[in-house]
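Chemist: Dumping the structure here so I can ask a few things about it.
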Amino acid sequence: MEYSLETKRHSLAHIMAQAVQQNFPGTKIATGPFTDDGFYYDFDFAAAEFSDKDFKKIEKSMKKIVSQNQDFQMFEVSYDEAREIIKLMWEDFKIEIVDMLESGKFKNVEKITGKISFYINTGKWGQVSELQEFIQGKGYFDFASHMDGDQIRNLKFIDMCAGPEHVASTSSLDANSFKIARVAGAYWMGNADNQQLTRIYAFAFNNKEELDVHLKMIEEAKKRDHRILGAKLKLFSVSELIGPGLPLMQPAGMVIRQELEDYLWSLHKTRGYDRVWTPHIAKEALYECSGHAAKFGDELFRVQWKEDKFIMKPMNCPHHMQIFADNDFSYRDMPVRYFEPATIYRDEKSGQLSGLTRVRAITQDDWHLFCRVEQIKDEVKTITDIIKEFYSTLGLTDDYWVSLSVRWEDKTKYLGTDDVWKIAEEALEQAAQENELPYKRVEWEAAFYGPKLDFMFKDAIGREWQLATIQCDFNLPERFELEFTNEKWEKERPVVIHRAIAGSLERAMGVFIEHFAGTFPLWMAPRQVRLVPVADKFNGYADSVYKSLKDAWVRVEIDDSTDSLNKKVRNAEKMHVNYILVVWEEEEKSGSVAVRNYKTKDQSVMKTDEFSEMVLSEISERKL
């Protein structure tokens, strides 16, 4: 039987837990789901400290378990019966999960069935444990009916698990299809007030060939790490005195950031958008009205003023609502479209901060438009066209998909009524269908005020990133009592569409640094051209070439140091300068430059005017 990759990963998580407990007796297990590239499991090591030195030992034990042809079997019991089993397992975390399931505080299907499921591994030989005798005696599972010749298959491992499915036997798995990846700390239930556990991550795929492809991608990702390239290329800095998650843009990084912002504005300014500006703080009452105060809670940065309480804005939308509210719009004005590339602030956990991709100061290319229900489809079409054009320019649209993110059945997580949500979700799905977007419905991923379309793009090495988003909101206009006058001279409530093309400029920059491996398309490259005179006597000619390119708004610099030619070229290559122009006697006589293309490694000799025309065309057309 052929099993899904998720099923294999789920089964391997159990096998890793079994291997860990074999090698580290007394270790308690918490939870272990599958992930996008494998699985992880959280452990509480009793007397030993787990490190990367133990990886091979655990992998060896896992391979042995796979070869033992252990069966996966499932049985269900009541909450109280589950507690009896878990007490014999000595697994405190599982008891807590059962309590949460029974009280409805754990989002899990078991709350609906009122049953707790256990998955056990059975194998040949081995002693009959007290736990096996208990399970057999209670009639939960009949070991006697599972034979291997004349030998009862005995209990090898047991785990409380919701499923939904595991392989029938460990022999269905490829023993070379997995590899332990890393170890990290993780709080129980993700709560920093709880006990810290040891999380062991592993990669897992269908076979060794797929695993090798992934491991090669991981190695390539290390070379492209935006934190390393950002420091090497002097794109951004992180200062301990300023604090984690608050990166500083160096001049070179600011060039990239500004080019992205300018390009985004150029795609919108002819489509009816107006720029606005709002302050970085607002009274707490604004976010209480919008619902952000309750939603973000401890993530908010609070400012105590002399009299009022203020919050550093976690979102721009409540501010934009106030701009709309201060106008008397009619149906003739609709849609109304605002743009603000504004910085917002959220107190992300320090352990989650990473370079530019996870920060505390987040600059969103934030666009809000106010429209009527019947205008949603056309507005989504316009936004979709912009998204496709922007990401086509960056070479990211060959293999993308769109998540239609809708709410889950737990209504307490969201603002608004069922009727409003139904209208919003249907409006977005219809827009996705009519705009022929490659979308899938995904539960639980909606924003707290409305459903959304999240655009998922793959970078140069196949990693998936959620970047652009379109969010449909009927709730905030209601909370802020926004209105415009319709054709009947009646007051009508607008719909708000929240949308971001790049998402966060910081995160987008981090993704693009890695996508391009630090060698950017010429239009956004901070160091487009560097002139390298072979000797001092050619500095004058280099200056004249520099001036002509500078006057044409090309980002150009001269290396007139006393370094050797080879070192000057190496220095330019280290900084990923797109074009390195070497000038000496022949070039000066013929009015030309010796061109080295850093990206393609091509070398040629071109007339100065010809080179200038080439780079200006490459810049204006935003060629890749």
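Chemist: Filter the stretch 291-310 down to residues that are surrounded by 14 or more Cβ atoms within 10 Å (Cβ to Cβ) and under 23 Å from G450 (Cα atoms), then give me how many there are.
Modeler: 7
Chemist: Another one. Return yes when R271 is surrounded by fewer than 17 Cβ atoms within 10 Å (Cβ to Cβ), out of contact with any Leu (no Cβ under 6 Å at 6 or more places or on another chain), at pLDDT below 95 and in the same structural domain as E478 (by TED's automatic domain parsing) and no when it is not.
Modeler: yes
Chemist: Can you tell me which residue within the stretch 461-474, out of those that are touching a residue at least 60 places away in the same chain (Cβ under 8 Å) and in a loop (DSSP other than H, G, I, E, B), is farthest from the chain's Cα centre (by Cα)?
Modeler: I461
Chemist: While we're here: Here are E436, E481: which of them is assigned to a loop (DSSP other than H, G, I, E, B), at pLDDT 90 or above and acidic (D, E)?
Modeler: E481
Chemist: Output the number of the condition that S169 fails; it satisfies all remaining conditions of (1) in contact with a helix residue (DSSP H, G or I) (Cβ under 9 Å, 6 or more places away or on another chain); (2) touching a residue at least 24 places away in the same chain (Cβ under 8 Å).
Modeler: Every listed condition holds for S169 apart from (1).
Chemist: Which of the residues spanning the stretch 427-447 are of a type in the set (A, V, I, L, M) and closer than 16 Å to T384 by Cβ?
Modeler: Scanning the stretch 427-447 gives A427, L428, A431, A432, L437.
Chemist: Moving on to the next point. Filtering the stretch 529-557 down to residues that are closer than 13 Å to V593 by Cα and of a type in the set (V, I, T), which residue is farthest from the chain's Cα centre (by Cα)?
Modeler: By that ranking, first place goes to V534.
Chemist: Are any residues in the stretch 221-243 surrounded by fewer than 14 Cβ atoms within 10 Å (Cβ to Cβ), outside any loop (DSSP other than H, G, I, E, B) and not charged (D, E, K, R), and if so, which ones?
Modeler: The answer is S237, and nothing else.
Chemist: Moving on. Would you confirm, using the coordinates I've provided, whether S392 is assigned by TED's automatic domain parsing to the domain that holds T485, touching a residue at least 40 places away in the same chain (Cβ under 8 Å) and polar (S, T, N, Q)?
Modeler: In short, no.
Chemist: Of all residues in the stretch 1-41, which are within 18 Å of I97 (Cβ to Cβ), in a helix (DSSP H, G or I) and small (G, A, S)?
Modeler: Correct list: A13, A17.
Chemist: Modelled with pLDDT of 85 or more, of a type in the set (K, R), farther than 30 Å from K216 by Cβ and in contact with a helix residue (DSSP H, G or I) (Cβ under 9 Å, 6 or more places away or on another chain): which single residue out of R441, R407, R463 fits that description?
Modeler: R441
Chemist: How about the stretch 521-536: which of its residues are surrounded by 24 or more Cβ atoms within 10 Å (Cβ to Cβ) and within 23 Å of I362 (Cα to Cα)?
Modeler: A525
Chemist: For V511, only one of the following conditions fails: (1) touching a residue at least 60 places away in the same chain (Cβ under 8 Å); (2) touching a helix residue (DSSP H, G or I) at 6+ places or on another chain (Cβ under 9 Å); (3) part of a strand (DSSP E or B). What is its number?
Modeler: Result: V511 fails condition (3) only.
The values are calculated or read from the model by the stated rules, or taken from the named source; none is laboratory data. Remember, predicted model here, so these are calculated numbers, not experimental data. Virtual Cβ from ideal backbone geometry, glycine too; neighbours counted across all protein chains shown.
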